[in-house]
Structure formats: C-alpha cells, structure tokens
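Inspection log for the structure reproduced underneath, given as structure tokens.
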Amino acid sequence: MYQPAKFVETDLAGLDWLLARDPFVTLVTSAEGLPFASHLPVLYARDGERVTIEGHWAKPNPQARHGGPALMIVHGPHAYLSPGWYPDKEEAARVPTWNYAAAHLYGRLDATEDSAALAGIVDRLSQINEARIGSDWRFEPDDERFTQQLRGIVGFRFVPDRIELKFKLSQNHPATNVESAAAALQRQSSAQAHEIAELMQDRLARRQVP
C-alpha cells in the first residue's frame, strides 16, 4: 500500500477499531499468476503485537485451495473532500481529495476442515453478528442438521507477519483546513462522512498536543 509518512498509523489500536467497526474483509491470494479475491466476515483477536484472524470459505471457493502468501484488506470509512472547504483554497490552489482509513495485512493462510474447529468458527461468528442485530439465533453443535452443513465449508486461520495501517485524514494540511473540512463533513448526511470528520478532529487534537 502506498504509505506517505504523514498518513502512517503505527498503533494497532487503529486495527482494533477498524475490525470492531466492520469485520468484513477482502482476502486476496494468487493462483496460476492471477489474483483472486473473496469477501468474508472474520473473527479478530489481538494479543500485544500478535494478530489472529479466523473465518471460512464455501468449500467450492477456489481460494480454499490456494497456498502461499495472502493479503487481507480491512476497509474503514471514507469520504470525499471538496477544495471549496479550505480557507486557503485560493492561495494554495487546493484540489479535491478523498480521506479514508484502511489496513493491509500480509501473511499466510492455514486452512482446516476439522469439524470442531469449523463449529467453533461458525458459532463465534454467529454469536457476534446476532448480537449486532439484536437477535439470538445460535449454532447448535449437537444438532446433526447443522453439523452436516460444516462439510460444505473450509476454515482458515491467518496470522499476519506484516501490518500496514493508513489513516489519511488531512494530516498534510494546516489546522484551519482540517477544522473547516471536518465541519463541512459533519454537515453531510453520510454516516461515513461523520466518521471521517471525527477521525480528522482526533488526529488534529493529537497533532496539537505539546
């Protein structure tokens, strides 16, 4: 990922926040010289610097049989910024841009078809996501109707050996531009615009701490 120094995030709390906000990732592998991508819900855990991500594919998905390195893309909020929002737009000849937060994780996938491991992945995914929508459906590991369906999936465990976090939040602009653009984003109807505005204000506050 292209990483200008001002936009690099080094605190893994940023990754915690991204995956708590939206644990639905893009997983990219390569086979026969061509890239292949899947879009998947995942389970995320971190112990200090060690990150572990689990999930599963449908068994017919070719990616379930791909070996070698993998890239996992974690998507955060994003928003368009108009140059008209900057107080110095005329003197600095400002142009449009896009602010966003994202993470790229690099590592290798370990696949599994162990029924206990698969049941654990499905159970934890369902518990987390049922709670998000206020529902209470549960995977029943003792119900043969459910366990038979585990034969249709392949699980994975991904422990990245390199993590790149990019939070592009106008850190290359003077404070007055950041404040003005964040205020304009707060006036938009988009929830993502509001998230970006809050992140911009947070990074600006950090910048101004003596």
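The values are calculated or read from the model by the stated rules, or taken from the named source; none is laboratory data. Small disclaimer: the values here were computed from a predicted structure and weren't measured. Glycine also receives a Cβ, built like all others from the backbone with ideal geometry; neighbour counts cover every protein chain displayed. Calculation scope for accessible area: heavy atoms of the full protein, side chains included, ligands and nucleic acids excluded. Shrake-Rupley method; radii C 1.70, N 1.55, O 1.52, S 1.80 Å.
The table for this structure:
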read-out: Rounded to whole Hz, the Karplus (6.51, -1.76, 1.60) HN-Hα couplings of the stretch 40-50, x for glycine and proline; value: 9, x, 9, 9, 10, 9, 9, 10, x, 8, 8
read-out: Cβ-placed point charges (K, R +1; D, E -1), dipole of the chain about Cα centre in debye, nearest 20; value: 540
read-out: Burial order of peptide ranges 64-75, 174-185 (average beta-carbon count within 10 Å, highest first); value: 174-185, 64-75
read-out: Of 24, 139, 167, the one that fluctuates the most in a GNM where the chain has Cα springs shorter than 10 Å; value: 139
read-out: Mean separation of Cα contacts under 8 Å, 6 or more apart, over the residue count of the stretch 1-102: relative contact order %; value: 24
read-out: Surface per residue (accessible, 1.4 Å probe) for the stretch 139-205, Å²; value: 50
read-out: The stretch 164-210 and the stretch 1-47: distance between their alpha carbon centers, rounded to Å; value: 21
read-out: Residue-wise HN-Hα coupling along the stretch 135-148, computed from phi with Karplus coefficients 6.51, -1.76, 1.60 (Hz; x: Gly, Pro); value: 10, 9, 4, 10, 6, 9, x, 9, 8, 4, 4, 7, 5, 4
read-out: Ordering of 141-148, 8-15, 117-124 by burial proxy (mean other Cβ atoms within 10 Å per residue, highest first); value: 117-124, 8-15, 141-148
read-out: Residue-wise HN-Hα coupling along the stretch 179-188, computed from phi with Karplus coefficients 6.51, -1.76, 1.60 (Hz; x: Gly, Pro); value: 4, 5, 5, 5, 5, 5, 5, 5, 7, 6
read-out: Spatially close lysines, pair count over the chain: Cα under 21 Å, gap of eight or more or interchain; value: 4
read-out: Residue (of 156, 170, 182) at the positive-pole extreme of the stretch 138-182, dipole from beta-carbon charges; value: 170
read-out: Those trypsin sites (Lys or Arg not before Pro) in the stretch 159-210 that DSSP places in a loop and that have at most 16 other beta carbons within 10 Å; value: 187
read-out: Nearest-0.05 FRET efficiency for residue 191 and residue 58, computed from C-beta distance (R0 41 Å); value: 0.85
read-out: Length-normalised contact order of the chain in % [C-alpha pairs under 8 Å, at least 6 apart]; value: 25
read-out: Carbon/sulfur fraction of accessible area - the stretch 56-132, other protein chains in place, 1.4 Å, %; value: 57
read-out: Solvent-accessible area per residue for the stretch 53-112 (1.4 angstrom probe, square angstrom); value: 48
